[in-house]
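A short reminder: the numbers here are calculations on the coordinates, not readings from a lab. Only a predicted model underlies this, so the values are computations on that prediction, with no experimental measurement involved. Neighbour counts run over all protein chains shown; Cβ positions are idealised from the backbone, glycine included.
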Amino acid sequence: MRDLLHVIQSPLRYHVYMARGWESKTAEDQAEDHIEQRAEAAKAVSRKAVTAADAVQSRARQILALKRERILAEKTSSPVRRAALQAALQDVEAELRQMV
């Protein structure tokens, strides 16, 4: 290496060392970018998990609302059937209240 220092002219020697320093900074920047990309990917996964959980809960709410509407739409003259429908309606409404 010492032999090369004497052979390389001083202005050229300056650029060789600057290039080496620039490359190390670029490597540091790449490492930081990689860390940031991993953090963003982790955030995206957690957002998807939250979104998936919200979607499941929203779908369950929709199902209960549809059950409630179906129960309310049924007409019957049988007192036994009417009592069963009222009990089912109370159960569905209780589940809806628990979800909110």
With only Lys, Arg, Asp and Glu charged, each at its Cβ (+1 for the first two, -1 for the last two), find how big the charge dipole of segment 40-100 is about the Cα centre; round to the nearest 20 debye.
100
For segment 19-100, I need the span (max minus min coordinate) of the C-alpha atoms along each principal axis, in Å, sorted largest to smallest.
91, 18, 12
Shape call for segment 44-92, from the Cα gyration tensor axes a ≥ b ≥ c (a/c under 1.5 means rounded, otherwise prolate when a/b beats b/c, else oblate), comes out prolate
Length gain on complete extension for the stretch Met99 to Asp33, per 0.36 nm per residue less the alpha carbon to alpha carbon distance?
19.6 nm
Under the Karplus relation with 6.51, -1.76 and 1.60 and θ = phi - 60°, whole-Hz ³J(HN,Hα) for segment 55-62, x at Gly and Pro, equal 5, 5, 5, 5, 5, 4, 4, 4
